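Beneath this line is the structure, given in structure tokens, with notes to follow.
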Amino acid sequence: MRHSAAPLPSVGSLWQACRQHSLFWPCVALLGLVVLNGGFNPGFFSLSWRDGHLYGPIIDVFNRAAPLMAVALGMTVVIATRGIDISVGAIVAIAAAVAATLVGGSLVIQDGQQVYVTRTSLPLALLLALAAAALCGLWNGLLVGVGGIQPIIATLILMVAGRGIAQLLTNGQIITIYYAPYFFIGNGYVLGLPFTIYLVAALALLMGWLKHRTALGLFIQASGANPVAARLAGINAPLLIVAVYTFCGFTAGLAGLMISANVKSADGNNAGQLLELDAILAVTLGGTALAGGRFSLRGSLIGALIIQTLTYAIYSTGVPPEVNLVVKAVVVLVVSLVQSPALLARWQSRGAPAA
Amino acid sequence: MQRPRLDAQTLPTALAAALFSLMFLGGSLAYDGFFSGQVFLNLFIDNAFLVVVAVGLTFVILGGGIDLSVGSVVALATMLLAAGIERWHLHPALAMGVVLLGGLLFGTAQGLLVQVVGVPPFIATLAGMFLARGLCYLISIDSIAIHDPRLATLSQTRLSAGALGEVSPSVLVAAGVVVAAAWAAHRSDWGRAVYALGGNERSALLMGLPVARTRVGMYAVSGLCSALGGLLFGVYTLSGYGLHGLGLELDAIAATVIGGALLSGGVGYVVGTVIGVLTLGVIQSLIMFDGSLSSWWTRIAIGALLGVFCMLQRAMNWWHRRHQSQRSA
């Protein structure tokens, strides 16, 4: 139903409609954090144009949030099928390790100049890294969709073993990448904006298109909301689940490329550490229930931005970064309390006039 | 008294025990000096804290929940112990009491969050995980060494275990916890309620079981056990550090699953968890004795083992169901 059909909506009813929108609270949280940042650091909103690039704290937040946004998008569809993928951090490490091992970069003299060249051609290396990540996702999907193992335990296997595999690939070393064109994925600029923003935007648009313009979104929501009914309606749940986890692995691989290109190295032990938890947090903050069913891609993007803005606020207020964890815990608690149906029911029954 | 028999519920635990024996025997054949009482006892000495933590977590998993905060609570316990003794000059016994009480309260708070507020266990204990680690760093970012002579002696103390060799006091603590936990799980009303809750919450509620008290209780027990595990770890390493116990929750969950507990709740044994911890320990010993394998093979081996046991559980379930439907037909 369109609002314009109504005979001039009053301000009150518009406010009501806004408040009932599922993204109302996530947006309020994000706005609150942005205002907080602006309060502590008046330069937060400043944007400047230097060397054909747009610079500023807000751009920085977007650039740093990009890997988390990518993973959160993949995680959203997994959670929508009543699943969870706690192996994404390990997949990030694996993808980064594959890319770093293949790209590497060795010093050669070309025309009397020192240049770094790749070990494998860059497109092939990127393709193989993403394929490795998707393969990890496929493994998760097979365990959950075909093997029928609970998602949390099925992905726990790769979470435990994945860092071992990543270290196996890098031989336990932190591999430094010297090949400059690779850095573009993490640090490059296109038309003044960071390349990572375009990557995430493309991913989000693709997923939004699949969700709204194909039946896939409906299938995913149906199989998450009521698996039995979805099966009876003829949805091939195993195939859907395998596809969803494979896609989630792919997004984690993408994040792995962005992260390793940004820090110019691959660390099997620490790359993507705790990323799975941040991604799940971003999805929950965005209003997608862990119980599956309806999901919001925009919500997850906002959730990821909330986490990054929060981190930025903590850094800019001069609080030791380690306190970040305490603040995150408090945010999780507040959000859980606000979204709690039990508390809401209690509060409403108290607020309602006695009939 | 029921005769123990092999069925879908006991088989995974029995298989874990068989696998452990097989790996220990294999190690004995492959490496000189592996087959000794002391190597066996060292498994307990090195993993006493993990036994305590995993046993506490077993209750949460039996009840159909999950506790991701155990590793962080271990770190917080070591930090509080170290800071309490070295900075605030508390008597070690008092510091330990404070830590245990803190763990109990921490677990209870998480349980209330799950039960009363209705936060999913995964999210509630995730918040707990962040909070406990963050609190460690609020106390100190660096590691705090414990110099107290009484704790140093305690850390060095070894008790004779007859012909086998010697054990540390922590092993006795862990053994006490295991006995108490086995009694609580299989003989107490609360333990039965935990199994019922994990099996089917609605039936448990309809049976008139105190679901709310049971659920809060299992998180409280997990918090208490994590704090106790942290004390053992703190005395073992004589330090408090915010990075202690990183990823410990994964080891604890893996041990529980390998020991035969179903993560969906209602199925599992305390003894199974102990066998699971020993299995993880023997993998580490094998890799250490081998010397040529790098440490990351431990992670890969544990992951592979976890996978095998998950598939085994699925196969058992499937076989069990087919068996039953044949009998009823």
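The values are calculated or read from the model by the stated rules, or taken from the named source; none is laboratory data. Quick caveat: nothing in here was measured; it's all calculated off a predicted structure. In this analysis, Cβ positions are derived from the backbone assuming ideal geometry, glycine residues included, and neighbour counts consider all displayed protein chains. With ligands, DNA and RNA removed, areas are computed over all heavy atoms of the protein, side chains included. Shrake-Rupley method; radii C 1.70, N 1.55, O 1.52, S 1.80 Å.
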Test for B:A212: is it crowded, with 17+ Cβ neighbours inside 10 Å, small (G, A, S) and at pLDDT 90 or above: no
Being within 14 Å of chain A (Cβ to nearest Cβ) and β-branched (V, I, T) is the filter here; which residues of the range B:229-281 pass it? B:I253, B:T256, B:V257, B:I258, B:V267, B:T279
In the range B:161-200, which residues are under 18 Å from B:V274 (Cβ atoms), outside any helix (DSSP H, G or I) and open to solvent by less than 70 Å² (accessible area, probe 1.4 Å)? B:A161, B:V167, B:S168
Every residue in the range A:162-172 that is within 7 Å of chain B (Cβ to nearest Cβ) and open to solvent by 10 Å² or more (accessible area, probe 1.4 Å), please. A:R163, A:I165, A:Q167, A:L168, A:G172
May I ask you to list the residues in the range B:164-183 that are touching a residue at least 60 places away in the same chain (Cβ under 8 Å) and under 17 Å from B:V267 (Cα atoms)? B:A181, B:A182
Quick check on A:A202: is it in a helix (DSSP H, G or I) and of a type in the set (A, V, I, L, M)? yes
Tell me yes or no: at least one residue of the range B:232-245 is open to solvent by less than 30 Å² (accessible area, probe 1.4 Å) and farther than 25 Å from B:R133 by Cβ. no
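To keep it simple, each residue is scored yes or no on (1) at pLDDT below 90; (2) under 27 Å from A:I220 (Cα atoms); (3) crowded, with 24+ Cβ neighbours inside 10 Å.
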residue: A:S121; (1), (2), (3): yes, no, no
residue: A:L135; (1), (2), (3): no, yes, no
residue: A:I149; (1), (2), (3): yes, yes, no
residue: A:A154; (1), (2), (3): yes, yes, yes
Only one of (1) under 23 Å from B:V257 (Cβ atoms); (2) within 13 Å of chain A (Cβ to nearest Cβ); (3) not aromatic (F, W, Y) fails for B:V74. Which number is that? (2)
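Here is a yes/no grid of residues against (1) within 14 Å of chain A (Cβ to nearest Cβ); (2) within 19 Å of the chain's Cα centre (by Cα); (3) modelled with pLDDT under 90:
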{"position": "B:L131", "(1), (2), (3)": "yes, no, no"}
{"position": "B:S155", "(1), (2), (3)": "no, no, yes"}
{"position": "B:L172", "(1), (2), (3)": "no, yes, no"}
{"position": "B:A175", "(1), (2), (3)": "no, yes, no"}
Kindly indicate whether A:P151 is over 19 Å from A:T118 (Cβ atoms) and more than 7 Å from chain B (Cβ to nearest Cβ). yes
Could you tell me whether A:L127 is out of contact with any helix residue (DSSP H, G or I) (no Cβ under 8 Å at 6 or more places or on another chain) and open to solvent by 60 Å² or more (accessible area, probe 1.4 Å)? yes
Taking the range A:182-196 and the residues there that are assigned to a helix (DSSP H, G or I) and either free of Cβ contacts under 8 Å to residues at least 60 places away in the same chain or hydroxyl-bearing (S, T, Y) (or both), the one that is nearest to A:A266 (Cα to Cα) would be A:Y182
Considering only the range B:289-313, state which residues are among the polar types (S, T, N, Q), open to solvent by 30 Å² or more (accessible area, probe 1.4 Å) and either within 7 Å of another protein chain (Cβ to nearest Cβ) or assigned to a helix (DSSP H, G or I) (or both). B:S294
The listed residue being within 11 Å of the chain's Cα centre (by Cα), more than 12 Å from chain B (Cβ to nearest Cβ), open to solvent by less than 20 Å² (accessible area, probe 1.4 Å) and over 30 Å from A:Y179 (Cα atoms), out of A:S223, A:S300: A:S300
Taking the range A:172-181 and the residues there that are in a loop (DSSP other than H, G, I, E, B) and closer than 24 Å to A:G89 by Cβ, the one that is modelled with the lowest pLDDT would be A:G172
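Each row is one residue, and each column tells you yes or no for (1) within 14 Å of chain B (Cβ to nearest Cβ); (2) in a helix (DSSP H, G or I); (3) over 26 Å from A:A215 (Cβ atoms); (4) open to solvent by 20 Å² or more (accessible area, probe 1.4 Å).
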| residue | (1), (2), (3), (4) |
| --- | --- |
| A:A243 | no, yes, no, yes |
| A:A255 | no, yes, yes, no |
| A:A261 | no, yes, yes, no |
| A:N270 | yes, no, yes, yes |
| A:V283 | yes, yes, no, no |
| A:I306 | no, yes, yes, no |
| A:L310 | yes, yes, yes, no |
| A:A313 | no, yes, yes, no |
Any hit, the range A:126-137, residues being out of contact with any Cys (no Cβ under 7 Å at 6 or more places or on another chain) and within 14 Å of chain B (Cβ to nearest Cβ): yes
Could you tell me whether the range A:149-171 includes any residue that is in a loop (DSSP other than H, G, I, E, B) and either among the small types (G, A, S) or in contact with a strand residue (DSSP E or B) (Cβ under 6 Å, 6 or more places away or on another chain) (or both)? no
Would you check if there is a residue in the range B:50-66 being more than 27 Å from B:G276 (Cα to Cα), more than 14 Å from every other protein chain (Cβ to nearest Cβ), among the aliphatic types (A, V, I, L, M) and in contact (Cβ under 8 Å) with a residue 12 or more places away in the chain? no
Going through the range B:133-153 one residue at a time, which ones are farther than 18 Å from A:V332 by Cα, open to solvent by 20 Å² or more (accessible area, probe 1.4 Å) and within 14 Å of another protein chain (Cβ to nearest Cβ)? B:Y137, B:L138, B:I139, B:I141, B:D142, B:S143
Look at B:L138 and say whether it is free of Cβ contacts under 8 Å to residues at least 40 places away in the same chain, among the aliphatic types (A, V, I, L, M) and closer than 18 Å to B:G71 by Cα. yes
Collect the residues in the range A:315-339 that are exposed (fewer than 15 other Cβ atoms within 10 Å of the Cβ), in contact (Cβ under 8 Å) with a residue 12 or more places away in the chain and of a type in the set (A, V, I, L, M), keeping them in residue-number order. A:V338
Elements of type helices (runs of 4 or more DSSP H) in the range A:2-92, at least 3 residues being buried (at least 18 other Cβ atoms within 10 Å of the Cβ) and at pLDDT 80 or above: A:24-40, A:57-80
Within the group B:A204, B:A261, which residue is open to solvent by less than 20 Å² (accessible area, probe 1.4 Å) and under 30 Å from B:V308 (Cβ atoms)? B:A261
Are there any pairs with C-beta distances below 6 angstrom linking a residue in the range A:255-269 that is among the β-branched types (V, I, T) to a residue that is part of a helix (DSSP H, G or I), with the two at least 6 apart or on different chains, and if so which? A:I259/A:P67
